[in-house]
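Before any comments, here is the structure.
The values are calculated or read from the model by the stated rules, or taken from the named source; none is laboratory data. The structure presented is a predicted model; accordingly, all values stated were derived computationally and were not measured. Here Cβ is always computed from backbone atoms with ideal geometry, including for glycine, and neighbour counts include all displayed protein chains.
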Amino acid sequence: MINYQNVRNENINIEIKLLLEAIYLKYGHDFRNYSPAHLKRRILHRLMLSDIKSISEMQYKVLHDPEFMREILTDFSINVTEMFRDPLFYKTMRREVLPVLKTYPYIKIWHAGCSTGEEVYSMAILLEEEGLLDKSLIYATDYNETVLKVAKKAEYTNENLKAYQKNYEKSGGRRKLADYYTEKNAMIKFDPRFRKRIVFSEHNLVTDKAFAEVHMIICRNVLIYFNRELQNRVIKLFHDSLMKGGVLGVGSKESVDFSRYGKAFEYINKNQKIYIKKYSHDE
Ligand SMILES: C[S@@+](CC[C@H](N)C(=O)[O-])C[C@H]1O[C@@H](n2cnc3c(N)ncnc32)[C@H](O)[C@@H]1O
């Protein structure tokens, strides 16, 4: 493999640009506005793991080997997630957001970039404990069909349960996490009544359209992988998909403040990056 530490940045950037263009033209997956630093890290990581010698050779393989493209897709999407990730986010949801959503006759929530679904089941548990699950519908989307398959099954290994139980307690959980799943052969499976309130589907934030009006959008730890231009596009998508008075939650390192469409949002809770849509941008 070429030692890319000795290659001029300009040349690496050209090779990466050509690779992304090839992926877009052949498969329609558009990574051209992802954060360059993120892409470079992931591409060089894949090179190290494979017997491919250069990014240009990778481009050839991507074009001729759809199975390799699936690997690249997984490489580019970091799927790390956990239950009740950043527990104070969920505590704030419980205390400051759900009491408002409670006043609606029904609640539609969109989890964008939901990965393997742990944050979606966390939200379903929260809704259940606040007596809102039966009038809620959660649309949970990701562009990666492999992670969605896991999410749909609602089955996870039991290796992280201790950490998840702790997160749940810190989030203000009222019971034991174990009340919500059954355990068998080192796997847990969430109660099917949660699954009934969740629709998992493929949706690409870069190329797909806005959703019908929803009351809340949760999209955490996804914008961080996009450049400013793409973040702006996605924030517009959220703006267009949210009803007036709707709620938007993003990740701890993310914000909509810089964006033109972000002007329509105000913080409900700045520390937890939870916003309310005050008006439509073109009002
Ligand atoms: C780090 S995970 C975050 C998972 C979860 N939201 C959380 O905070 O724990 C990022 C997810 O964003 C998804 N993603 C990346 N680009 C996307 C895109 N263009 N459209 C939809 N999902 C995308 C990835 O597949 C991955 O599952």
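Before moving on, here are some points about what is shown:
- Any hit, the range 41-52, residues being surrounded by fewer than 16 Cβ atoms within 10 Å (Cβ to Cβ), more than 24 Å from the chain's Cα centre (by Cα), among the small types (Gly, Ala, Ser) and not assigned by TED's automatic domain parsing to the domain that holds Ala124: yes
- Hey, Leu133 surrounded by 19 or more Cβ atoms within 10 Å (Cβ to Cβ), away from the ligand (no atom under 16 Å from the Cβ) and either under 30 Å from Leu242 (Cα atoms) or in contact (Cβ under 8 Å) with a residue 12 or more places away in the chain (or both) or not: yes
- Test: residue in the range 32-40 that is in the same structural domain as Arg70 (by TED's automatic domain parsing), over 14 Å from Phe76 (Cβ atoms) and either in a helix (DSSP H, G or I) or not polar (S, T, N, Q) (or both): no
- Checked against the criterion of being of a type in the set (D, E, K, R), more than 25 Å from Asp75 (Cβ to Cβ) and assigned by TED's automatic domain parsing to the domain that holds Lys236, the candidates Glu128, Glu155 yield just one match: Glu128.
- Matching entry among Thr182, Thr141 (being free of Cβ contacts under 8 Å to residues at least 40 places away in the same chain and in the same structural domain as Pro105 (by TED's automatic domain parsing)): Thr182
- Selection of strands (runs of 3 or more DSSP E) fully inside the range 163-269 by the criterion of at least 1 residues being under 16 Å from the mean Cα position of the chain (by Cα) and under 18 Å from Val120 (Cα atoms) returns 198-202, 214-219, 242-250.
- Of Tyr164, Tyr168, Tyr181, all but one fail to be under 30 Å from Arg95 (Cβ atoms), away from the ligand (no atom under 16 Å from the Cβ) and in contact with a Phe, Trp or Tyr (Cβ under 7 Å, 6 or more places away or on another chain); the exception is Tyr181.
- Check on Glu57, more than 11 Å from the ligand (Cβ to nearest atom) and surrounded by 15 or more Cβ atoms within 10 Å (Cβ to Cβ): yes
- For beta carbons closer than 7 Å, sequence separation of 6+ or different chains, a first residue in the range 261-283 that is without any contact (Cβ under 8 Å) to a residue 12 or more places away in the chain and a second that is not hydrophobic (A, V, I, L, M, F, W, C), the qualifying pairs are Tyr267/Tyr275.
- Note on the range 44-91: residues that are free of Cβ contacts under 8 Å to residues at least 24 places away in the same chain and aromatic (Phe, Trp, Tyr) total 2.
- Within the range 84-117, the set of residues being in a helix (DSSP H, G or I), within 16 Å of the ligand (Cβ to nearest atom) and under 14 Å from Leu248 (Cβ atoms) comprises Phe89, Thr92, Met93.
- Applying the condition of being β-branched (Val, Ile, Thr) and more than 8 Å from the ligand (Cβ to nearest atom) to the range 205-223 and asking which residue is farthest from Met83 (Cα to Cα) yields Val214.
- Residue in the range 188-198 that is within 8 Å of the ligand (Cβ to nearest atom) and out of contact with any Leu (no Cβ under 6 Å at 6 or more places or on another chain) present: no
- Matching residues, the range 253-283, being of a type in the set (Lys, Arg), in contact with a Gly (Cβ under 7 Å, 6 or more places away or on another chain) and within 20 Å of Phe226 (Cβ to Cβ): Lys273
- Identity of the residue in the range 238-252, within 11 Å of the ligand (Cβ to nearest atom) and surrounded by fewer than 21 Cβ atoms within 10 Å (Cβ to Cβ), that ends up farthest from Trp110 (Cα to Cα): Ser252
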